[in-house]
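Here it is: the structure, laid out below.
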Ligand code: ADP
């Protein structure tokens, strides 16, 4: 099933075109890598798909419903209930412990304190950092912080996880470990992942890859061959 459909997305920042007509389907449960050189429009595409940015033209549909024309209020509620986001720097709250950080989205959604903490501990365990539950980010390594941010992005059990260069701030080995965990957990929970990266190595963890060049999808790259293979055309 297609969970996200983008049709003819166009987006500029003033005179700078970032997206110049992107049409893309994301299938439920797949890990889709969006690759391409820096500045080609990857982040802008991810922000449009996640309802953070509105495209200037084109449409975004999520679970069969058009969302780009929704108000900011409706889109922000959708982001809280159905989407998770993970950025290059985990953006953890430095004054809170790992468990408190992970519990935060649940507390904001009205879950009781005890239940939220139990879920946070379970997710920290799932991503392999149960041992840092009561430490603050400043006491944790970069990899531990990013795993904690991953747990926080997944604790609400989103249908789609949007990850923008999630290992960009980590060394190679740590980055691969975090990514391996992300892929394993996403597959286990049937979570759809849209993973933006300029590192070809990172894209290797995805089920499918599309490449952007100057705001358009590269129609000549391996991405198209892979799509054809996947759909048996
Ligand atoms: P990528 O994620 O592939 O590096 P971006 O989507 O961040 O690409 O950027 C695409 C283009 O839009 C680039 O030319 C970039 O300089 C420009 N751009 C991105 N964000 C802004 C912004 N907030 N203001 C002005 N230009 C921007």
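Would you please name the residue that is modelled with the lowest pLDDT, looking only at residues in the range 97-132 that are within 22 Å of residue 87 (Cβ to Cβ) and in a loop (DSSP other than H, G, I, E, B)?
For the range 97-132, the residue satisfying everything is 109.
Do we find that residue 149 is surrounded by fewer than 24 Cβ atoms within 10 Å (Cβ to Cβ) and assigned to a helix (DSSP H, G or I) in this structure?
So residue 149 fails the test.
In this structure, does residue 160 turn out to be at pLDDT 95 or above, under 24 Å from residue 39 (Cβ atoms), buried (at least 16 other Cβ atoms within 10 Å of the Cβ) and under 13 Å from the mean Cα position of the chain (by Cα)?
No.
Can you name every residue in the range 33-57 that is under 25 Å from residue 191 (Cβ atoms) and away from the ligand (no atom under 15 Å from the Cβ)?
The one that is under 25 Å from residue 191 (Cβ atoms) and away from the ligand (no atom under 15 Å from the Cβ): 51.
Next question, about the same structure. Say whether the condition of being part of a loop (DSSP other than H, G, I, E, B), at positive phi, within 15 Å of the chain's Cα centre (by Cα) and modelled with pLDDT of 95 or more is met by at least one residue in the range 23-33.
yes
Moving to a separate point now. Could you tell me which residue of the range 58-72 is nearest to residue 188 (Cα to Cα), considering only residues that are touching a strand residue (DSSP E or B) at 6+ places or on another chain (Cβ under 9 Å) and part of a loop (DSSP other than H, G, I, E, B)?
The residue in question is 63.
Residues 75, 65, 80: which one is surrounded by fewer than 17 Cβ atoms within 10 Å (Cβ to Cβ), without any contact (Cβ under 8 Å) to a residue 60 or more places away in the chain and either more than 16 Å from the ligand (Cβ to nearest atom) or under 16 Å from residue 214 (Cβ atoms) (or both)?
65
Answer yes or no as to whether residue 20 is part of a strand (DSSP E or B), over 19 Å from the mean Cα position of the chain (by Cα), within 14 Å of the ligand (Cβ to nearest atom) and surrounded by 19 or more Cβ atoms within 10 Å (Cβ to Cβ).
Judged against the criteria, residue 20 is not a match.
Also, I was wondering about something else. Give me the pairs: first residue in the range 26-43 and without any contact (Cβ under 8 Å) to a residue 40 or more places away in the chain, second residue surrounded by 16 or more Cβ atoms within 10 Å (Cβ to Cβ), beta-carbon distance under 9 Å, and six or more apart or on different chains, which are they?
39/18
Give 11, 7 a once-over and let me know the one that is farther than 14 Å from residue 195 by Cα, surrounded by 22 or more Cβ atoms within 10 Å (Cβ to Cβ) and at pLDDT 95 or above.
11
Kindly check whether there is at least one residue in the range 168-187 that is touching a helix residue (DSSP H, G or I) at 6+ places or on another chain (Cβ under 7 Å), at pLDDT 95 or above and at negative phi.
No, that holds for no residue.
Which condition does residue 211 not pass, out of (1) crowded, with 20+ Cβ neighbours inside 10 Å; (2) part of a helix (DSSP H, G or I), if it passes all the others?
(2)
The values are calculated or read from the model by the stated rules, or taken from the named source; none is laboratory data. Note that the structure is a prediction, hence the values are computed from the model and not measured. When we count neighbours, we look across all protein chains shown, and the Cβ atoms used for this are built from the backbone with ideal geometry, even at glycine.
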